[in-house]
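Structure record follows, encoded as structure tokens.
Bear in mind that the values in this text are calculations on the coordinates, not laboratory data. Keep in mind the model is a prediction, meaning the values are calculated, not measured. Note that we place each Cβ from the backbone using ideal geometry, even for glycine, and neighbour counts take in every protein chain shown.
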Amino acid sequence: MRIIYLSRSLLPSKAANSVQVMKMCQALAQQGHELHLVAARYTPMPLDSLFDYYGVSNRFKITLLKGRTDKVHGLFFYLLRFYFFLKKTAIPDLIFSRDLFTLTLATFFYNVPFYFEAHKPPTSFIHFCLTRRLMRNRNLKKLIVITNALQEEYRRLFPELPEEKIMVAPDGSDIPDSDGVEDTVLPNSRPTIGYVGSLYPGRGLEIILELAKRLPQYDFLVVGGSEKDVERWRNSCISQENLCFTGHVPPGELARYYRKIDIVLAPYQEKVAIPGGGDTARWMSPLKIFEYMAYGKPIIASDLPALKEILIHGHNALLCPPGRLDEWTRAVQLLAGDQNLRDRLAAAAFSCLQEKYTWEKRAAQILEGL
């Protein structure tokens, strides 16, 4: 089956959405389908380098359209380029899209089934109108959402959408090569507490900084973030010798950093910012959670409803209220001092990931019945 995957994610970029897009395209290709990704170009990069950057092994066709679409004029010219792409491209068997605008345009050209994947509710009147049009289109196979909370919101906003046409499919992770997964036995040196991800507001960097101050006997490693964000956080803790920032690391190179980490943190706050603005705390399905699980690391995460759809306190993670620093401190000390607990939580998390949340299983579940 020939599938066109539509996204306005910038490739390559530091954004998690670009990782999700590349990994899902890989998973769809692994199902034996002919996959053609259409996305936005940020800086020119040879395709082989692009696959390596994201750690994607399966090769598939990629078309990158020039344009920054975060402004109205940029979106207009991007859609104009997409229009000419549609005119010269053979009709696919299926469209899979994470983008509302290009999918809407494609439905005027192609009378084929389509999937629409949403990671948040409509955020404006035009978004709502376009989404409602797609929900009423007879070619809609499924609306894919990433959490149960988001499913409930779409059902509230679009009560006309048949129940069988909406599916909850949380994000996922690849299982790393065996040399990328390590036991959770702490080395003889000081234990390392790690965080991997962006440094946007709401990610809980304040918690990590305070933990580093309270627990000088441990090392803290923060992997990720733009140069601007890293500089800002470094300047706020310039005298903190047990805290290290790496800056952005390409997704395909993360394994060597996970090898250095003994315990991983996901201290999300009650409001979580995303690129372009907005709050995703109610709907999020963070890639880092699944990545932590895949690398077999014991997790301490925030006790938030969206995370509790995946993580169970005392089973595959320890969960702490976002703002209670004393509880985070105790959780770190408990895990650092209890190897059996670390091993049990990490093993349960990895088993859960392997059973339910790999990208390949996600793609198979979504396309089941086609």
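Below are the figures for this structure:
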| read-out | value |
| --- | --- |
| Value in Å of the Kirkwood radius, where the range 178-356 supplies the Cα pairs that are averaged | 16.2 Å |
| Rounded FRET efficiency, nearest 0.05, which uses the C-beta distance separating D343 from E164 and R0 of 51 Å | 0.80 |
| Sorted by Cβ neighbour density within 10 Å, fewest at the top, the residues F60, F109, F220 | F109, F60, F220 |
| Order of E291, E360 under a 10 Å beta carbon neighbour criterion, fewest first | E360, E291 |
| Vicinal HN-Hα couplings computed from phi for the range 226-243 (Karplus, 6.51 cos²θ - 1.76 cosθ + 1.60; Hz; Gly/Pro x) | 6, 4, 5, 5, 4, 4, 4, 6, 4, 5, 7, 9, 4, 9, 8, 6, 9, 10 |
| Linear extension gain, K260 paired with Q217, 0.36 nm per residue minus alpha-carbon span | 13.9 nm |
| 0 to 90° range, to nearest 10: angle between helix 148-157 axis and the chain longest Cα axis | 40 degrees |
| Rg to Rh, two decimals, where the range 1-145 supplies the alpha carbon set and Rh follows Kirkwood | 0.93 |
| Cα-based convex hull, the range 282-360, per residue volume (Å³, whole number) | 80 Å³ |
| The range 27-71: projected area of the alpha-carbon convex hull, averaged over directions, in nm² | 3.6 nm² |
| ³J(HN,Hα) computed for each position of the range 246-260 - Karplus, 6.51 cos²θ - 1.76 cosθ + 1.60, integer Hz, glycine/proline x | 8, x, 5, 10, x, x, x, 10, 6, 3, 5, 7, 4, 5, 8 |
| Candidates L103, L157, L319: whichever shows maximal mean-square fluctuation once the chain is modelled as a Gaussian network with Cα springs under 10 Å | L157 |
| Residues D262, D174, D338, D48 arranged by fewest to most Cβ contacts within 10 Å | D48, D338, D174, D262 |
| Distance between the range 292-367 and the range 188-219 - C-alpha centres, whole angstrom | 17 Å |
| Three semi-axes of the equivalent ellipsoid, the chain, Cα gyration tensor, whole Å, largest first | 36, 21, 20 |
| Those trypsin sites (Lys or Arg not before Pro) in the range 91-167 that DSSP places in a loop and that have at most 16 other beta carbons within 10 Å | R136, R138 |
